[in-house]
Each structure stands twice: as C-alpha cells, then as structure tokens.
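Data block below; observations after.
The values are calculated or read from the model by the stated rules, or taken from the named source; none is laboratory data. As the structure is a prediction and not an experimental result, all values here were calculated from the model. Positions of Cβ are generated from backbone atoms using ideal geometry, with glycine treated the same way; all protein chains shown enter the neighbour counts. These area figures cover heavy atoms from the full protein model, side chains too; ligands, DNA and RNA do not enter into them. Shrake-Rupley method; radii C 1.70, N 1.55, O 1.52, S 1.80 Å.
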Amino acid sequence: MDITQTFYDNLAPQYDMLFQDWNASVREQAAVLDTLFKSRGFSNAAQVLDCACGIGTQSVGLAALGYRVTASDFSSGALAEAKTRADEHNVQIRFERADFCALSDVFSRQFDIIIAMDNALPHMRSISALESAVASIVDRLVPGGIFVASIRDYDTLLETRPPYSPPYIHKTERGQRVSFQTWDWNGDLYKLTQYIIADESTLQVSKFSCEYRATRRAELTRLLLANGCSEAVWEFPEETGYYQPLLIAKK
C-alpha cells in the first residue's frame, strides 16, 4: 500500500486531535473559502469538488453553507471518517474514492470549483507526478472554473530546511494534547513524522509517517498555466486569514 494512503488511513480516527476544536475550524475555514469564492463571482449554487477531502474539514463546512459538494480521497479510512462527520452535521455530500491524478476515471462531469487543501499536492514526490495531478484537476474544471489549493510556504522553508515544526499544545477538560512533526530532509524531499500525545485521563502517544516534496510556488504556477489555466495567483495568511498560502487558478 502507498505510504501516503497508509498515513491517512491510520491517522483518520485521530486527525481531529490536531485541532483545538475541529468543529470551529470547519466553520472558520468554510467562511474563508466562501469569501474567496464569492470574490471570484461564484454563488452557493456552485458545484464544488473537494478532491483531497480527508475527514471532511472543508467539504463539511462548505456543504453547511449550501454549496453542492462532492468529496473524494484515495484514503478509504479518511473517507469513512468524512462520511460519519457529514452525517453528524446533517449535510448532503456525494463521496467517492478517487486519486486526484486520475479524476476523470471517477467523474465524467466537470465542476465549477475544485479544492485540494491542507498541503495535499506536495504528496506528489516528482515533477511528473505533480504535473499529472495538475492536468487531472484542470481537466475536471468547467471553462471559467477555479482551482484552490493550500500549500506550506516551501519557498521560505527551503532556505533553512527545519528539522521539525513547532508543537501545538491544546488544553482539554481532561488535560492536554500535544502534536508536532519532525522533518527529515533529502534535497527537496522530506519524511514527515507526525506525533500526537494525548495526556488526558491516560497517556497515549501516536506516530504516523509520510513523505512530501517541497513544492515551490513558481513551479506549481508554471504547471497550471501550461495545463490550461489562464491565471494563477497566490494569497497569503495575512490577506486571507487562512493558515497556509492559498493558490487560486482559473481555467
């Protein structure tokens, strides 16, 4: 099984532990995306594909705002968790298992908006794999549609290649949760190890490993323009309130 699929299958039941309040984050992220979509002329009637939906952090929030949401992922574990959370929030979402490098294998229709959030694209560990993902995603956009992705600020990270990320410490009613990542670099590639320490009624330590390729903004912009997009712009956390830089590309 692919290391990325294994990572998300195993992490899915604990993914919400990375947040102080997952439900609050769902609402906050949906509000940011809603503002972005409307600033580009889209209404809540837009057909949205969340092609790396994970446990539904963005798709659940957008569906709650009235968007017509389809959500896909290649992790069966993440999809199962997302379906449960959609039911809990009483929202209607079509779920499909799909690889975002081959979306046309699952979806015959095109969408007004496609999103791939939470640093999903850098799982592509070569330029050719990244181009396959970009071509697949743009192909499933209607003319005039937009692709929105959030990606770590690798342009800055590659200057120092830090060995770890700062920890998040979340206080809970029963104690605290601590989560952090270590990054083992090999050129532009790095192995990420995610640790989650739940120090509550009992002590629980979990560890999950995955691989990424640090993707520069210029590289991704070039691939989008070469594969059918007329423009690709970047917006940053100080502008949007989102926790990662956002890419917005128009077909």
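With the structure loaded, tell me whether Gln14 is surrounded by fewer than 20 Cβ atoms within 10 Å (Cβ to Cβ) and assigned to a helix (DSSP H, G or I) or whether it fails that test.
Details: surrounded by fewer than 20 Cβ atoms within 10 Å (Cβ to Cβ): yes; assigned to a helix (DSSP H, G or I): yes.
So Gln14 passes the test.
Go through segment 11-41 and give me each residue that's out of contact with any Asp or Glu (no Cβ under 6 Å at 6 or more places or on another chain) and under 18 Å from Val178 (Cα atoms).
Of everything in segment 11-41, those that are out of contact with any Asp or Glu (no Cβ under 6 Å at 6 or more places or on another chain) and under 18 Å from Val178 (Cα atoms) turn out to be Leu11, Pro13, Gln14, Tyr15, Asp16, Met17, Leu18, Phe19, Gln20, Asp21, Ser25.
Just to be sure before I move on: is Ser108 over 19 Å from Leu33 (Cβ atoms), assigned to a helix (DSSP H, G or I) and open to solvent by 10 Å² or more (accessible area, probe 1.4 Å) in the structure I sent?
No: the conditions fail for Ser108.
From the list Ser136, Ser128, Ser150, which one is of a type in the set (Ser, Thr, Tyr) and touching a helix residue (DSSP H, G or I) at 6+ places or on another chain (Cβ under 6 Å)?
Of Ser136, Ser128, Ser150, the one residue that is of a type in the set (Ser, Thr, Tyr) and touching a helix residue (DSSP H, G or I) at 6+ places or on another chain (Cβ under 6 Å) is Ser136.
Quick one: Glu159 ticks every box in (1) out of contact with any strand residue (DSSP E or B) (no Cβ under 7 Å at 6 or more places or on another chain); (2) open to solvent by less than 80 Å² (accessible area, probe 1.4 Å) bar one, so which box is it?
(2)
Are there any pairs, at least 6 apart or on different chains, whose C-beta atoms fall under 7 Å, with the first in segment 72-92 and assigned to a loop (DSSP other than H, G, I, E, B) and the second surrounded by fewer than 19 Cβ atoms within 10 Å (Cβ to Cβ), and if so, which?
Going by the 7 Å Cβ cut-off, the qualifying pairs are Phe74/Gln5; Phe74/Arg97; Phe74/Asp99; Ser75/Gln5; His89/Ala64; Val91/Ala64.
Answer yes or no: is there a residue in segment 33-42 that is among the polar types (S, T, N, Q), modelled with pLDDT of 95 or more and open to solvent by 40 Å² or more (accessible area, probe 1.4 Å).
Yes - at least one qualifying residue is present in segment 33-42.
Tell me yes or no: at least one residue of segment 114-121 is touching a Leu at 6+ places or on another chain (Cβ under 6 Å) and over 19 Å from Leu11 (Cα atoms).
Scanning segment 114-121 turns up at least one residue that is touching a Leu at 6+ places or on another chain (Cβ under 6 Å) and over 19 Å from Leu11 (Cα atoms).
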